[in-house]
Amino acid sequence: MNRHFETKLNSCAALLLFSAAIFSSCANDDEAWVSRALDTAAYQLDMTAGELDGTGMMPRTAVTGYDVDFLASQLEKDKSAFVDSLVSNPPAENLGRLKPCGIIDWTSGFFPGSLWYAYELTGKENLKEEAVKYTNLLYPIRKFEGSHDIGFMIGCSYGNAWRLSPDDTVKNVIVETANTLSSRFDDGIGCIRSWDFGPWNYPVIIDNMMNLDLLFMASRLSGDPGYKQIAVRHALTTMQNHFRPDFTSWHVVSYLDDGSVEKRQTHQGKNDDSAWSRGQAWGVYGYTSCFRETGDSLFLKQAVNIADMIMERNAAPDLIPYWDFDAPVTDDTPRDASAAAVMASAFIELSTFVPEDGEKYFVYAKNILKTLSSDAYLAEKGTNAGFILKHSTGSLPHGSEIDAPLNYADYYYLEAMKRYLDISRGSDR
Ligand code: GLY
């Protein structure tokens, strides 16, 4: 088997025609926002790919700092309760600089994935070449047992490579990664273990719903139903234990060895009982995927209930959520554009599964996308440390990535744009 797969310059003629049609049709006035967004995305991604060429690194965010009193006001806590968990404040001269990460980082698949989507949306061949190059960097991850996030890492990179430039190497990486991810599944508990750090016996985070897509894909590619069975068990156990009666979710649920719940807590949200915005986004996205892959109406109902809760609880006037639905709202409350992008992508897919209510999810997502594509959130070309979107929040309680660009905001924004264009230009709706 080849270690690297090659770019197939002539293999995607149909795709390119499709992309060109999308790109040129966006030129009409109604959707000038789409062509401007795609033009910005292509420019930023190409610039960053050049900047990191040969380093073996991926772009993750830009360097940001924090004011500890502001954090205390957002958390409504005394400083002494969280000050020991803060990352150190960077030197002022580093603020705003590109902060790269290595391939072991949980976000390493998003940049190659963004390159794939930008290639698909614009037809620009240079983006495909960069997508292949950055995807290949992740080859060793297929054997990495230290994280549940290999579903994100390989699903977003090799998963998109499989859609747009399939070959046996790509397929084998996806199936090998699913094998590795499955080794973190405990049959007695019914979940994939999320973290190997922290004070918990067996922590599972709502984010882990996002790693299931890789398992579904591996079952389709290999014909082995075992990966899908693990994904379904994980989703069912999570449905039972992660959700409150109002369909908000806890971030972390930890299990004892007998499968009973040890603790329900937060790690990145305001407090244990709050609704951390990105967690709510991961949930609606994950259960929408589960319905797509299984056709089980239980999953659809769960996705709809979470989506309706989001529409009710998201208090931001421009729909880009505050970092936590329960954060005190002031003019300075940080937004989370990454949560908005994940919600938009999920809502567009969900809209195709619910004929009666689909329009309301589609319109909500379109409004999010238009806002993200406005000057308030879309970077000016050549700025924002090379990222596409501004104003995301990684982990406010840790003082980390507050009001920052994030590679996964960019990824889900492009995915949502692709889903939006498929529907608004095509026949899905
Ligand atoms: N999966 C980690 C996060 O959403 O920040």
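A short reminder: the numbers here are calculations on the coordinates, not readings from a lab. Because the structure is predicted, anything quoted here is derived from the model rather than measured. Backbone-built Cβ (ideal geometry, glycine too); neighbour counts: all protein chains shown.
Expected output is a single nm value to one decimal: the length gained when fully extending between VAL87 and ASN271, i.e. 0.36 nm times separation in residues minus the C-alpha distance. What is it?
Between VAL87 and ASN271, full extension yields 64.4 nm more.
For the stretch 222-236, just list the computed ³J(HN,Hα) in residue order, Karplus coefficients 6.51, -1.76 and 1.60, θ = phi - 60°, integers in Hz, with x standing in for Gly and Pro.
For the stretch 222-236, the Karplus-derived couplings read 9, x, 8, x, x, 5, 5, 4, 5, 4, 5, 4, 4, 5, 5 Hz, x marking Gly and Pro.
List the equivalent ellipsoid semi-axes of the chain in whole Å, largest first, each obtained as the square root of 5λ for an eigenvalue λ of the Cα gyration tensor. Intermediate values should be presented prior to the final figure.
Numbers: eigenvalues 171, 136, 104 Å².
They are 29, 26, 23 Å, listed from largest to smallest.
Using the Cβ atoms and a cut-off under 10 Å, what net charge is assigned to the surroundings of ASN271, where Lys and Arg are +1 and Asp and Glu are -1?
-3
Normalised by the number of residues in the stretch 232-376, what is the relative contact order in percent for Cα pairs under 8 Å and 6+ residues apart?
It comes to 19 percent, rounded to a whole number.
Run the simple label-point estimate for SER80 and ASP168 please: 7 Å along Cα→C-beta, distance reported in nm.
Taking the two extended label points, one gets 6.5 nm.
May I ask you to derive the FRET efficiency for HIS398 and ASP375 from their Cβ-Cβ distance with R0 = 35 Å, giving the value to the nearest 0.05?
E(calc), rounded to 0.05, equals 0.75.
Apply 1/(1 + (r/R0)^6) to the Cβ-Cβ distance of ARG36 and LEU95, taking R0 = 35 Å, and write down the FRET efficiency to the nearest 0.05.
On the way: r = 27 Å, r/R0 = 0.78.
Once the sixth-power term is evaluated, E becomes 0.80.
Based on the Cβ-Cβ distance from ASN305 to ASP257, what FRET efficiency comes out when R0 is 41 Å, to the nearest 0.05?
Rounded to the nearest 0.05, the efficiency is 0.85.
Please identify every one of the GluC sites (Glu not before Pro) in the stretch 291-377 that sits in a loop by DSSP and has no more than 16 other beta carbons within 10 Å of its own beta carbon.
GLU356
In nm, to one decimal, how far is the modelled label at ASP296 from the one at ASN367, with both set 7 Å along Cα→Cβ?
So the two model labels end up 3.3 nm from each other.
For the chain, what is the calculated [θ] at 222 nm in deg cm²/dmol (nearest 500), taking -39500 (n - 2.57) for each run of four or more DSSP H residues and dividing by its residue count?
So the helix-based figure for the chain works out to -15500 deg cm²/dmol.
Using modelled amide H (1.01 Å from N, peptide plane; none on Pro or chain starts), what sits under 5 Å from the amide H of GLY394, excluding residues fewer than 5 places away?
Answer set, sorted by chain and number: ILE402, ASP403, ALA404.
What order do you get for THR294, THR107, THR330 when you list them from fewest to most C-beta neighbours inside 10 Å? Present the calculation step by step, with values, prior to reporting the outcome.
On the way: THR294 16, THR107 20, THR330 10.
So the ranking, lowest neighbour count to highest, is THR330, THR294, THR107.
Would you mind checking the pairs LYS77/LYS390; LYS128/LYS381; LYS133/LYS301; LYS77/LYS381; LYS270/LYS370; LYS124/LYS370 and listing those with alpha carbons more than 31 angstrom apart?
LYS133/LYS301; LYS77/LYS381
Among LEU181, LEU138, which comes first, second and so on when ranked by fewest other beta-carbon atoms within 10 Å?
Ascending number of Cβ neighbours within 10 Å: LEU138, LEU181.
Where Lys and Arg each count +1 and Asp and Glu each count -1, what net charge lies around ASN126 among other residues with Cβ under 11 Å from its Cβ?
With Lys, Arg at +1 and Asp, Glu at -1, the net is -1.
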